[in-house]
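K.L.:
One structure coming up, written as structure tokens, with questions to follow.
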Amino acid sequence: MKQISRHFLIFSLFFISIVGASISWGKGFVPELPPVLMSVETPAYNSKISGATKVSLIAPGMDCGVVQCWKQGPGFGSDSVVTSLIFDETGKAFFTFPADEYPHGPITLRITSTDGYHWDSCNLMLYNKGGIAWDQGIPQIPPPQAEGMKVIFQDDFRKPLSISSTGRGTTYCSHKPGGGDFGSFRFADHESSNSPFSQIDTYLRIRADESKGSTGFLSSVGMDGSGVSASAPCYFECRFLGPSATGSWPAFWLLNLGSLKGSDKSADEYDVVEAYGGIGEHRPNAVGYMVATHTWNSAIKQPGVYLYILMNQLGGKSTFWETFHTYGCKITDSDTIYYCDNIEVARHPTTLLGKSDRFFFMINLALGGGWPVDLSRYGGKIDMYIDYVRVWQG
């Protein structure tokens, strides 16, 4: 093993924390990426684990690093340092992850390494079959923003997934109603042999698979417009954990029913959360997500929002890929309000169609969105986990 002084190790870990802060601020210093990326040898990305789990890494040229993981606790929980790392002459390092001390279900180990100047970071998403049940499933107490409304739909994915390519006779449709599928990977059907959907315990997993060129999409209405929709006043929310690979694009968004009549018709789109993955130069540097309003084909200019929400300044100060978050949108006759973990993050006057038409929701793991796509570090597969989705009507 390399002989690394205690002072150098402390300096390097301090360097990593400065890098993290710089990324979190979304500006300033962006250090050079190393020519060879760090990768995990075992366990496989996205695999199931339990108990004491040995993790082996390789990062040629790197000297030391740190491993972090979000941990259960009061309120939003808190970040934790699992261990520090020292790489040997071959660029390898090992540590044991105490899975039983961390949350049950999907978790992300954030592993950062440095040689004192270059740095690299990868996210090891795993499914903890053991661990501690924490903050999962539909809450018994409704959020304050739904006060005075009635739940008209909720799904915590405990039952078999009801979805088809058209949405006819099923709860969800696996394509965008009205046409216009998007992204670098196609949205595959559950009834096909390449289904991107699976249910693990009480979570719905959407998998983007580079070898198949496919990923997954859910719409609450079918191609004919039948299904779950709501009109103002109403509230939509979804709780999920997304990936942060280069080009990953998880989202929860709303569209009015009139948009199904054709691409040339007026359509109002409320993007509750558009999360872009990847950290580093020429990438979104995503420690947050976008909230956006679109009034497509409208002859009248209408107010909206187009905001980057810095998640490290909210609540538990964690990102969409570090732990689960709940994203919501409330539509009233006067205002449309966006929430993260029941905290208001954006607001604008309700658009014309927001006042007069019904809205439905969509959840997807897309790829691209104008950014480069590179899943090679993660074996060509990334996952999005959905805990639940709910709709209230006034």
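K.L.:
For Asp335, all conditions in the list (1) among the acidic types (Asp, Glu); (2) closer than 30 Å to Gly213 by Cβ; (3) free of Cβ contacts under 8 Å to residues at least 40 places away in the same chain hold save one; what is the number of the exception?
P.N.:
Of everything listed in (1) among the acidic types (Asp, Glu); (2) closer than 30 Å to Gly213 by Cβ; (3) free of Cβ contacts under 8 Å to residues at least 40 places away in the same chain, Asp335 misses just condition (2).
K.L.:
Does Thr108 qualify as being surrounded by 18 or more Cβ atoms within 10 Å (Cβ to Cβ), assigned by TED's automatic domain parsing to the domain that holds Cys64 and over 22 Å from Ser50 (Cα atoms)?
P.N.:
On the way: surrounded by 18 or more Cβ atoms within 10 Å (Cβ to Cβ): yes; assigned by TED's automatic domain parsing to the domain that holds Cys64: yes; over 22 Å from Ser50 (Cα atoms): no.
Against the criterion (surrounded by 18 or more Cβ atoms within 10 Å (Cβ to Cβ), assigned by TED's automatic domain parsing to the domain that holds Cys64 and over 22 Å from Ser50 (Cα atoms)), Thr108 does not qualify.
K.L.:
Follow-up question, since we're still on this one. State all residues of region 155-184 that are surrounded by fewer than 17 Cβ atoms within 10 Å (Cβ to Cβ), among the polar types (S, T, N, Q) and either under 24 Å from Ser248 (Cα atoms) or more than 23 Å from the chain's Cα centre (by Cα) (or both); if no residue qualifies, say none.
P.N.:
Scanning region 155-184 gives a single hit, Thr166.
K.L.:
Before we move on, is Tyr306 farther than 21 Å from Pro143 by Cβ, buried (at least 24 other Cβ atoms within 10 Å of the Cβ) and not acidic (Asp, Glu)? Break it down into steps so the answer makes sense when it comes.
P.N.:
Numbers: farther than 21 Å from Pro143 by Cβ: yes; buried (at least 24 other Cβ atoms within 10 Å of the Cβ): no; not acidic (Asp, Glu): yes.
No: the conditions fail for Tyr306.
K.L.:
Report every pair of residues separated by at least 6 positions or lying on different chains whose Cβ atoms are under 7 Å apart, first residue within region 172-184 and under 19 Å from Gly368 (Cα atoms) and in the same structural domain as Leu204 (by TED's automatic domain parsing), second among the acidic types (Asp, Glu) and surrounded by 14 or more Cβ atoms within 10 Å (Cβ to Cβ).
P.N.:
Listed by first residue and then by second, the contacts come to Ser174/Asp189.
K.L.:
While we're here: Give me the pairs: first residue in region 81-102 and surrounded by 15 or more Cβ atoms within 10 Å (Cβ to Cβ), second residue basic (Lys, Arg) and at pLDDT below 95, beta-carbon distance under 8 Å, and six or more apart or on different chains, which are they?
P.N.:
Final answer for the pair search is Ile86/Lys2; Phe87/Lys2.
K.L.:
Kindly provide the set of residues from region 62-116 that are among the polar types (S, T, N, Q), in a loop (DSSP other than H, G, I, E, B) and out of contact with any Asp or Glu (no Cβ under 8 Å at 6 or more places or on another chain), ordered by number.
P.N.:
Listed by number, the list holds a single entry, Thr90.
K.L.:
Still on this structure, I have one more. Suppose the filter is within 29 Å of Ser263 (Cα to Cα) and of a type in the set (D, E, K, R); does Lys159 pass it? Show your work before the answer.
P.N.:
Working: within 29 Å of Ser263 (Cα to Cα): no; of a type in the set (D, E, K, R): yes.
So Lys159 fails the test.
K.L.:
Does region 225-267 hold any residues that are within 25 Å of the chain's Cα centre (by Cα), assigned to a loop (DSSP other than H, G, I, E, B) and farther than 10 Å from Phe359 by Cα, and which are they?
P.N.:
Correct list: Gly242, Pro243, Ser244, Ala245, Gly247.
K.L.:
Restricting to region 341-394, what's the tally of residues that are surrounded by 22 or more Cβ atoms within 10 Å (Cβ to Cβ), within 17 Å of Leu126 (Cα to Cα) and over 14 Å from the mean Cα position of the chain (by Cα)?
P.N.:
So the answer is 2.
K.L.:
Picking from Gly258, Gly262, which residue would you name as being surrounded by fewer than 19 Cβ atoms within 10 Å (Cβ to Cβ) and in contact with a helix residue (DSSP H, G or I) (Cβ under 8 Å, 6 or more places away or on another chain)?
P.N.:
Values: Gly262 fails: in contact with a helix residue (DSSP H, G or I) (Cβ under 8 Å, 6 or more places away or on another chain).
Being surrounded by fewer than 19 Cβ atoms within 10 Å (Cβ to Cβ) and in contact with a helix residue (DSSP H, G or I) (Cβ under 8 Å, 6 or more places away or on another chain) holds for just one of Gly258, Gly262, which is Gly258.
K.L.:
Output the residue which, of all residues in region 40-80 that are among the acidic types (Asp, Glu) and surrounded by 14 or more Cβ atoms within 10 Å (Cβ to Cβ), is farthest from Ile206 (Cα to Cα). Before you say what the answer is, go through the steps one by one.
P.N.:
Of all residues in region 40-80, those among the acidic types (Asp, Glu) come to 41, 63, 79.
Now narrow it down to the ones that are surrounded by 14 or more Cβ atoms within 10 Å (Cβ to Cβ): 63, 79.
Details: Asp63: 35, Asp79: 25 Å.
For region 40-80, the residue satisfying everything is Asp63.
K.L.:
With region 323-363 as the region, which strands (runs of 3 or more DSSP E) entirely inside it contain at least 1 residues that are among the aromatic types (Phe, Trp, Tyr)? Can you show your working first?
P.N.:
Numbers: elements: 325-331, 335-340, 343-349.
Where strands (runs of 3 or more DSSP E) fall fully within region 323-363 and carry at least 1 residues being among the aromatic types (Phe, Trp, Tyr), they are 325-331, 335-340.
K.L.:
Tyr289 is checked against (1) crowded, with 23+ Cβ neighbours inside 10 Å; (2) over 17 Å from the mean Cα position of the chain (by Cα) and fails just one. What number does that condition carry?
P.N.:
So Tyr289 meets the others, but not (2).
K.L.:
Within region 147-154, can one find any residue that is crowded, with 21+ Cβ neighbours inside 10 Å and at pLDDT 95 or above?
P.N.:
Quick first cut of region 147-154, residues crowded, with 21+ Cβ neighbours inside 10 Å only: none.
There is no residue in region 147-154 that is crowded, with 21+ Cβ neighbours inside 10 Å and at pLDDT 95 or above.
K.L.:
It is to be established whether one or more residues within region 181-190 are over 20 Å from Arg207 (Cβ atoms), assigned to a loop (DSSP other than H, G, I, E, B) and of a type outside the set (S, T, N, Q). Before the answer, list the steps.
P.N.:
To start, the set of residues in region 181-190 that are over 20 Å from Arg207 (Cβ atoms) comprises none.
Checking region 181-190: not a single residue is over 20 Å from Arg207 (Cβ atoms), assigned to a loop (DSSP other than H, G, I, E, B) and of a type outside the set (S, T, N, Q).
K.L.:
So Gln302 fits all but one of (1) assigned to a loop (DSSP other than H, G, I, E, B); (2) touching a His at 6+ places or on another chain (Cβ under 8 Å); what number is the exception?
P.N.:
(2) is the only condition that Gln302 fails.
K.L.:
Taking the condition assigned by TED's automatic domain parsing to the domain that holds Leu254 and at pLDDT below 95, does Ser226 pass?
P.N.:
Numbers: assigned by TED's automatic domain parsing to the domain that holds Leu254: yes; at pLDDT below 95: no.
No; evaluated as a whole, the condition is false for this residue.
K.L.:
A further question on this structure: Within region 278-298, how many residues are of a type in the set (Gly, Ala, Ser) and modelled with pLDDT of 90 or more? Quick ask: steps written out before the conclusion?
P.N.:
Taking region 278-298 first, the residues of a type in the set (Gly, Ala, Ser) are 278, 280, 286, 288, 292, 298.
Still in the running and modelled with pLDDT of 90 or more: 288, 292, 298.
Summing the residues that are of a type in the set (Gly, Ala, Ser) and modelled with pLDDT of 90 or more in region 278-298 gives 3.
K.L.:
Now for a separate question. Given the criteria surrounded by fewer than 18 Cβ atoms within 10 Å (Cβ to Cβ) and more than 20 Å from the chain's Cα centre (by Cα), does Ser193 qualify?
P.N.:
Working: surrounded by fewer than 18 Cβ atoms within 10 Å (Cβ to Cβ): yes; more than 20 Å from the chain's Cα centre (by Cα): yes.
So Ser193 passes the test.
The values are calculated or read from the model by the stated rules, or taken from the named source; none is laboratory data. Worth saying up front: this structure is predicted, and the values here are computed from it rather than measured. Don't worry about glycine lacking a Cβ; one is built from the backbone with ideal geometry, like all the others, and counts go over all protein chains shown.
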